[in-house]
Structures are given as C-alpha cells and as structure tokens.
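Participant: My questions will all concern the structure given below.
The values are calculated or read from the model by the stated rules, or taken from the named source; none is laboratory data. Bear in mind the structure is a predicted one, so any value in this text is a computation, not a measurement. Cβ sites come from the backbone with ideal geometry, for glycine too, and all protein chains shown count toward neighbours. Heavy atoms of the whole protein, side chains included, go into the accessibility calculation; ligands, DNA and RNA do not. Shrake-Rupley method; radii C 1.70, N 1.55, O 1.52, S 1.80 Å.
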Amino acid sequence: MVGVYDLCARVQNGFRARLGRIAVPETKLNLAVSRVLYSQGFVSSVTRGTHLGPDESYVPTTNLNVAERRLWLSLKYYQDSPVLRKMRCISKPSRKINCDANQFRTLAAGQAWSIVKGVNPGEIIIVSTTRGVMEIQDAVRHGIGGNLLARAN
C-alpha cells in the first residue's frame, strides 16, 4: 500500500531535481491528492500512463496492467524556480491526525491546533474527508471534519 508520504517525497524530489515530469503509482489516493495540487496551481497537468511515459490515448486499467500504471505529473516552475517549495506529510502511519469541523476552522484561520501549525498565506493543507480528498478551505466551507494528510507551500 502506497501512502501519501510516498507522493510527498516524489513530488518534492522532482522539484528539487528540476524535472519536468514525474511518475507516481496510480492509486485513488494519489489521484485525489494530485487533483488538489492541480486545482491549487502547484502542478500544470496530471495524466495517466505506464512506467514508460504518459498515454497518447485512453487505456483502461485492468488486472493485467495495474502494476505498470502510473500518474504523470507535469511540474510547474515560475521564473526558473519551483512553484511548490515544500510538501510534507502531517499524518503518518504511526500517527493519524483526525480533526472535526471546528478544528479545521481553527487551522484554516492560521492558528495552531495540537501539534499542527495553522495555514500560512500561500500554503494549503490537504485533508481526507467523508466527501473525498480536498483542500482544508473546502472542508471548512462544507462544515465537515476528517484526516489531515499533507501540507504544501
């Protein structure tokens, strides 16, 4: 089972190495987190493909090809510097951090809660809720709680 910590490491290492594209394993969690990064403007595109590169046309994922399927993230740079400077996990396998809607509101307002620092300007916190993976501001808007996954700035 590949967790969000693997995605955080791959994205951050890709930006540090100044790569144009990186491949991450195709899982539902990686796709959901990649969608949040895309919608917030940290990556320029998310495409499906194999371990060799992105697909030219649609290829469904089956039991026969599931091991070689990848998500290809095109990394975004502005004036030759990475748009995403740091991406790190909040919850880990040994420490899951769950919050309710009020605690999300506190974090979104920039105040610390428990061992988690508040959101700074230009930073996002990615959360997993009952309605899917989303940015913390969306979870506050919906009034739901969930699990803190990662933060990116």
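Participant: At 1.4 Å probe size, with the rest of the protein present, what percent of the exposed accessible area of the chain is carbon and sulfur atoms?
Facilitator: Of all accessible area on the chain, carbon and sulfur atoms account for 49 percent.
Participant: Please compute the modelled spin-label separation between residue 81 and residue 101, points set 7 Å along Cα→Cβ, answer in nm with one decimal.
Facilitator: Computed distance between label sites residue 101 and residue 81 equals 3.9 nm.
Participant: If each DSSP helix of 4+ residues adds -39,500 (n - 2.57) and the sum is divided by the residues in the chain, what number results at 222 nm, nearest 500 deg cm²/dmol?
Facilitator: The helix contribution divided over the chain gives -7500 deg cm²/dmol.
Participant: Which whole-Hz couplings ³J(HN,Hα) result when phi for each residue of segment 130-136 is put into the Karplus expression 6.51 cos²θ - 1.76 cosθ + 1.60, θ = phi - 60°, listed in order with x for Gly and Pro?
Facilitator: So the Karplus estimates, Gly and Pro as x, are 5, 9, x, 7, 8, 7, 4 Hz.
Participant: So which aspartates and glutamates can residue 92 reach, going by Cα to Cα under 16 Å and dropping same-chain residues fewer than 8 places off?
Facilitator: Answer for residue 92, where 16 Å is the Cα cut-off: 6, listed by chain and number.
Participant: What whole-number value in Å² describes the accessible area per residue of the chain for a 1.4 Å probe?
Facilitator: Heavy-atom accessible area per residue stands at 57 Å².
Participant: Ordering 123, 68 from largest to smallest accessible area (1.4 angstrom probe), what's the sequence?
Facilitator: 68, 123
Participant: Which whole-angstrom value gives the distance between the alpha carbon centres of segment 73-106 and segment 122-153?
Facilitator: Spelled out, the Cα-based centre of one part sits 9 Å from the other.
Participant: Using the Karplus curve 6.51 cos²θ - 1.76 cosθ + 1.60 with θ = phi - 60°, what ³J(HN,Hα) values do you get for each residue of segment 45-51, in whole Hz, with x for Gly and Pro?
Facilitator: Result, ordered by residue: 7, 10, 10, 8, x, 10, 5 Hz.
Participant: Same structure again: Just to make sure I understand: if all protein chains stay in place, what is the order of 133, 36 by accessible area at 1.4 Å, largest first?
Facilitator: From most exposed to least exposed: 133, 36.
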